[in-house]
Amino acid sequence: MNVLTTGDFTHHAPAFDSPGFQLRLTRFNHKRLRPEPDSSGWESHLAEEIRMRHLEGLYLDHLRAGIAPWMQGVPTTPAAFMDWFDDLRHDGPGQGDPLFPWLAESAGMRDMKWFLTQEAAGEAGFDDLVAMTQVQFPARPKVEMANNYWDEMGRGRLQAMHGLMLSQCVDALQLKPAMESTVWESLALGNLMVALAANRHYAYQSVGALGVIEMTAPGRVSRVNEGLKRLGVDAPGRRYFQIHAGLDIKHSEQWNREVIEPLVSSDPTLARPIAEGALLRLAAGARCFARYRSQLWGGEQQAVA
C-alpha cells in the first residue's frame, strides 16, 4: 500500500490519471485563485491548501517522470536549444494529430460542439497564466510577457479581450461547459498549466509551456475555424479562432526571441526546465487529443443540447 507522509498528516497516494483526482484538483484551483472577501477560517483553508499542494507536487513529479526519456540530449547552448525548441512544432508529442483535419473537413455540428465544450471547460486562462509567470523575471522577458498579456486583454478594449471572444463562441453555439462533465484529460491539462504558473519553483517550466502553446496552437485553431465555417457558424462566433490562427504566430516569434532565448543565453542551465515545461504541455495535449478521438470516433460522447 502506497502511503505518503508529510508534516503532520498522512494520506494515500491517489490515482493521478483519474476523473476523481483531476476533478478534485480543478475545484481546488478554482477556489485558490478566486478573489475572496471573507478571511474567516483562513487557517482551515491553509491546511487544505497544504494537502492539495502536496498532492499537486506529487502529480507533477509523476508527469515529469513520464517525459524524462524525451529530456535526453536537450541542448543547452542558446542557438542549439532554440533549434531544438522550434522542432517541437513538427516533432513534439501530439503534433499532426488526425483529430484536427477531421474537425476541419468531416465533423458534424454535434461533434464540434462536444469538442469545444471540452476545450472551454478545461481552459485555464492564458492571460492569467502569463500574469502569474512573469513575477520577478528579468526586464527583457518581463516586457515581452507584458506585451503578450496586453494583447490577450484586447489592448485595453473590452470587446477585443481573448477570453471574452471564447465566451462569445460558447454563447453562439449554446455550449454548457462544466467541470463535472469534462473528460479528465482536459481537466488535467488545465491543472498542469495552473500548477506550473502558480508555483515559483516551476516558473521556467511555465515559460516553456506557454511558449510551446503559442508555437503549436495556430495550426490547430485554424483547422477548428475551418470546421466551424464549413458548419455555417458566422464570423462573430468564430472570431476567437480567427484571431488566434494569425496572432499566435507573431506571439510565438516574439516569445522565443524575447523570453526564451535571453533566458537561456543568460543561464544555459535554464534550458532544461524550459524544455521540460514544453514537453509536459505537449504530452498533456496529446493525451487530450487521443481521448477526444476515442470519444468522438468511438461514439461514446454524450449528446449535446
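The values are calculated or read from the model by the stated rules, or taken from the named source; none is laboratory data. Please read these numbers as outputs of a predicted model, since none were measured by experiment. Glycine also receives a Cβ, built like all others from the backbone with ideal geometry; neighbour counts cover every protein chain displayed.
Tabulated data for the structure shown
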| item | result |
| --- | --- |
| The lone exception for residue 118 - which of (1) under 18 Å from the mean Cα position of the chain (by Cα); (2) buried (at least 20 other Cβ atoms within 10 Å of the Cβ); (3) closer than 25 Å to residue 207 by Cβ it fails | (3) |
| Residue count, segment 127-172 (criterion: at pLDDT 95 or above and assigned to a loop (DSSP other than H, G, I, E, B)) | 5 |
| Residue within segment 187-198 that is surrounded by fewer than 20 Cβ atoms within 10 Å (Cβ to Cβ) and at pLDDT 95 or above present | yes |
| Residue among 285, 237 that alone is at pLDDT 95 or above, closer than 30 Å to residue 155 by Cα, part of a helix (DSSP H, G or I) and out of contact with any His (no Cβ under 8 Å at 6 or more places or on another chain) | 285 |
| Test: residue in segment 28-43 that is of a type outside the set (Asp, Glu), at pLDDT 95 or above and surrounded by 13 or more Cβ atoms within 10 Å (Cβ to Cβ) | yes |
| Among the candidates 277, 298, residue that is over 20 Å from residue 147 (Cα atoms) and free of Cβ contacts under 8 Å to residues at least 40 places away in the same chain | 298 |
| Residue that is surrounded by the most Cβ atoms within 10 Å (Cβ to Cβ) [pool: residues in segment 142-165 that are over 27 Å from residue 204 (Cβ atoms) and among the hydrophobic types (A, V, I, L, M, F, W, C)] | 165 |
| Any hit, segment 19-27, residues being of a type in the set (Gly, Ala, Ser), without any contact (Cβ under 8 Å) to a residue 40 or more places away in the chain and in a helix (DSSP H, G or I) | yes |
| Segment 269-285, residues that are of a type outside the set (D, E, K, R) and over 12 Å from residue 188 (Cβ atoms) | 269, 270, 271, 273, 274, 275, 277, 278, 279, 282 |
| Meets criteria (touching a helix residue (DSSP H, G or I) at 6+ places or on another chain (Cβ under 7 Å) and within 19 Å of residue 271 (Cβ to Cβ)) for residue 217 | no |
| Residue within segment 63-78 that is among the charged types (D, E, K, R), part of a helix (DSSP H, G or I), at negative phi and touching a residue at least 24 places away in the same chain (Cβ under 8 Å) present | yes |
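So that you can scan it fast, the table gives a plain yes or no per residue for (1) under 12 Å from residue 82 (Cβ atoms); (2) modelled with pLDDT of 95 or more:
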position: 243; (1), (2): no, no
position: 259; (1), (2): yes, yes
position: 264; (1), (2): yes, yes
position: 270; (1), (2): no, yes
position: 274; (1), (2): yes, yes
position: 279; (1), (2): no, yes
